[in-house]
1. How many residues are crowded, with 22+ Cβ neighbours inside 10 Å, at negative phi and not aromatic (F, W, Y) if we restrict to region 529-539?
2. I'm told T313 meets every condition in (1) among the hydroxyl-bearing types (S, T, Y); (2) more than 30 Å from Y524 (Cα to Cα); (3) touching a strand residue (DSSP E or B) at 6+ places or on another chain (Cβ under 8 Å); (4) modelled with pLDDT under 95 except one. Can you identify the failing condition by its number?
3. Is it the case, given these coordinates, that E667 is in contact with a Leu (Cβ under 8 Å, 6 or more places away or on another chain), modelled with pLDDT of 95 or more and either more than 23 Å from L571 (Cα to Cα) or not hydrophobic (A, V, I, L, M, F, W, C) (or both)?
4. Output the number of residues of region 383-399 satisfying the condition of being in a strand (DSSP E or B), of a type outside the set (F, W, Y) and more than 13 Å from T532 (Cβ to Cβ).
5. Out of all the residues in region 196-208, is one or more touching a Pro at 6+ places or on another chain (Cβ under 8 Å) and more than 30 Å from P93 (Cβ to Cβ)?
6. Name the one entry in L325, L270, L330 that is within 29 Å of R623 (Cβ to Cβ) and surrounded by 14 or more Cβ atoms within 10 Å (Cβ to Cβ).
7. With the requirement that a residue be over 20 Å from D39 (Cβ atoms) and more than 24 Å from the chain's Cα centre (by Cα), what does region 426-442 give you?
8. Only one residue in K714, K674 is in contact with a Ser or Thr (Cβ under 7 Å, 6 or more places away or on another chain) and in a helix (DSSP H, G or I). Which one?
Amino acid sequence: MRSRLLFVFLSITIFISPAFAQKRNITEKDLFNFVWIADPQVAPDGSRVAFVRVTVNQRKDGYDTAIWTVSTSTGDSRQLTAGPRDSSPRWSPDGKFICFVRSPEKDGRPEPPQLFMLSMDGGEAWQFTSLPRGAGGSQWSPDGKMISFANGATAEELAKAKETLPVPAPPGAQPAASPSASPSPKPSPERESDVRVITRAVYRSNDSGYLDFKHPSHIWIVNAPRTGEDKVTPKQLTSGRSSDGNVTWAKDSSRIYFVSDHRDEPYYELGQTDVYFISVSGGQATKLTSFDMGAAVFSVSPDGKKVAFYASTNKPVRSYTEPDLWVMDLAPDAQPKNLTADFDWDLGGGVGGDNSAPRGGGGFPPTWSADGKSIVALYGKEGKANLGRFDAATGRETDVTTGNQAVQSFRATPDGSKCALLISTPTRIGDLFWMDKPGATPKQLTHVNDELFSKLNLTEPEEIWYTSFDGKKIQTWVQKPPNFDPNKKYPLILNIHGGPHAAYGWVFDHEFQWMAAKGYVVLYPNPRGSTTYGQEFGNIIQYHYPGDDYKDLMFGVDEVIKRGFIDEKKLGVTGGSGGGLLTNWTVGHTTRFAAAVAQRDIASWADWWYTADFTLFQPSWFRAAPFEDPEDFKARSPITYINDVKTPMMFILGEADWRTPTYSGGEEMFRALKYKKIPTVMVRFPNETHELSRSGQPWHRIERLQHIVGWFDKWLMGVPNPEYEVAPQ
């Protein structure tokens with residue numbers, strides 16, 4: 001009898017345990033097991049979607065990428081390449097091949113990326129370019145016979161390599177000397193100097209390091225190989241000292257359109273786009289037209305006569321100019337037409353989180369319908385990112401997707417009738433969905449994080465709208481701890497986004513979920529200056545940043561405190577980039593916060609003006625240069641108010657961050673606070689750029705989270721941490 005009862009008990013337990021399985025709180029180290037999707041590409045017949053699958057590598061110091069596909073009918077996924085550095089899958093027009101980019105390894109180190117081809121009939125991928133400095137940005141010609149790509153090798157480098165690589169020397173390159181019967185001993189190679197002679201004001205970029213003006217990117221084409229035995233020879237189409245980009249094939253495959261800026265120092269001037277074209281048979285490039293704004297990727301209309309693209313006007317000059325959807329004839333001296341001048345939301349823009357794919361690339365150009373009468377485009381509205389269909393003549397919009405979500409990327413079939421979407425929510429990092437007709441409910445195709453997330457106690461944030469000091473409506477979200485009890489008192493972390501023209505919203509943020517799991521209520525508002533709320537709301541901070549946006553943040557803190565579940569003595573504030581600036585500003589204007597963490601911040605606007613990796617701050621953000629109007633720069637710099645800072649502060653800094661260099665931000669604040677004997681710590685991350693929180697080394701991303709919460713634990717929760725003491729006992 002006892003055995004029978006035990007059997008019944010075990011049977012019931014096994015049956016009910018999945019439904020009642022105890023979930024655990026998310027941890028910072030769960031990031032090691034996250035899977036990301038990037039760069040979805042739809043097969044021409046709509047049967048499959050190719051994508052880049054991104055994972056943390058075994059050493060946990062970087063990311064691996066491989067090409068996968070998923071069936072749009074069954075959702076079955078299949079790995080196509082082994083990686084670990086495969087990206088940019090591009091379908092041939094007949095759907096029989098995928099061209100992709102791989103960085104091969106040599107002696108355990110990655111070589112320059114080259115183009116590889118994979119047949120959908122099976123078999124191994126084969127390499128078909130071997131160029132110095134590699135190849136990337138591949139695009140098939142519409143007739144499927146050629147592939148364009150980008151390369152930045154010099155004529156000398158190409159000439160030197162031509163004896164061993166299937167690459168013709170470009171026009172003007174000197175031929176290599178013929179070998180003599182009795183070759184002389186080769187002289188020792190001359191040492192190449194590592195000294196940099198800087199002649200441009202903008203000479204380095206945050207995520208790229210020092211800019212290489214000796215190797216501008218040019219356009220090449222190559223016949224598309226159909227087997228690994230096909231020997232193809234790439235041909236260089238463009239040359240010169242300016243880089244060529246935004247490559248777009250003509251519908252008849254006879255020419256390539258591209259953008260090239262021939263100004264030597266355009267960074268002190270307003271945005272401009274010069275459009276050229278060149279025949280695939282070669283010859284000189286011809287300028288088609290110019291217009292006064294920077295343009296994103298072109299999308300060609302079905303009849304081949306127009307292009308659609310996202311761009312922001314540059315006149316009048318604003319701090320923030322809402323991007324619009326434009327169309328332009330592919331004709332000499334044509335000028336773009338703004339389709340969405342009366343649509344007051346961000347075209348081609350969305351919301352930011354900390355878990356977009358850290359590698360993998362991609363994009364989401366606007367997509368034409370088969371008849372050319374409408375264009376599907378991504379737009380951001382009130383913390384959401386969705387798709388809209390825009391009339392190609394009038395700009396009238398009809399929603400394609402709706403909901404509290406962030407469409408991070410999308411791609412359609414050639415006729416625009418079916419669409420793959422990469423969608424993120426506060427409890428989903430990002431999965432592929434399939435929409436098989438306009439207006440249909442998207443069907444989920446991938447479940448890349450379901451196994452992990454099924455074990456985690458993730459919660460949706462609460463959305464709140466509140467009224468600020470001058471009547472403006474501000475949207476915010478409140479991420480509460482799991483098993484939240486409204487009758488308890490919780491510590492609060494105010495988390496401020498950067499930009500300043502950016503937006504939080506309905507997207508996954510590991511940082512917020514983890515802070516909540518550690519027992520904090522996390523408040524993350526979109527103060528004035530944020531995007532997705534219209535032109536006026538975004539630009540209102542011009543010449544007044546920081547300022548009234550700080551007041552919006554404080555009203556948000558007050559709004560949550562009124563609800564009765566916040567311990568007013570346990571308030572923390574943090575933010576990165578523009579949010580780091582506002583964190584510094586906040587502690588200089590109030591003592592209500594018990595601790596602060598400023599990340600990749602700005603302390604002195606003047607010092608930043610002189611050292612950042614871009615230059616055009618005036619008249620966008622300032623009316624003049626700091627030596628012309630020093631008082632304005634001083635009045636808006638947090639370091640000016642350092643005597644009023646009483647809050648213990650931590651500074652999170654990337655040592656390779658050229659967007660907000662350490663010496664114009666956290667280093668200044670740290671030194672001043674040490675002098676004032678205010679508790680302060682500086683945490684420096686070697687080799688990390690401004691992208692530390694989004695695509696930094698996985699271990700560093702984990703340590704960043706640990707230090708932020710560790711500082712708040714110390715000052716808000718009373719948890720000792722000897723690491724933060726000058727002389728730990």
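The values are calculated or read from the model by the stated rules, or taken from the named source; none is laboratory data. Predicted, not measured: the structure shown is a model, and the values here were computed from it. Every residue, glycine among them, receives a Cβ derived from its backbone with ideal geometry; neighbour counts consider all protein chains shown.
1. Count: 3.
2. Going through (1) among the hydroxyl-bearing types (S, T, Y); (2) more than 30 Å from Y524 (Cα to Cα); (3) touching a strand residue (DSSP E or B) at 6+ places or on another chain (Cβ under 8 Å); (4) modelled with pLDDT under 95 one by one, T313 breaks only (2).
3. Answer is yes for this residue.
4. So the count comes out to 7.
5. no
6. Answer to the check: L270.
7. Listed by number, the residues that qualify are D436, K437, P438, G439, A440, T441.
8. K674
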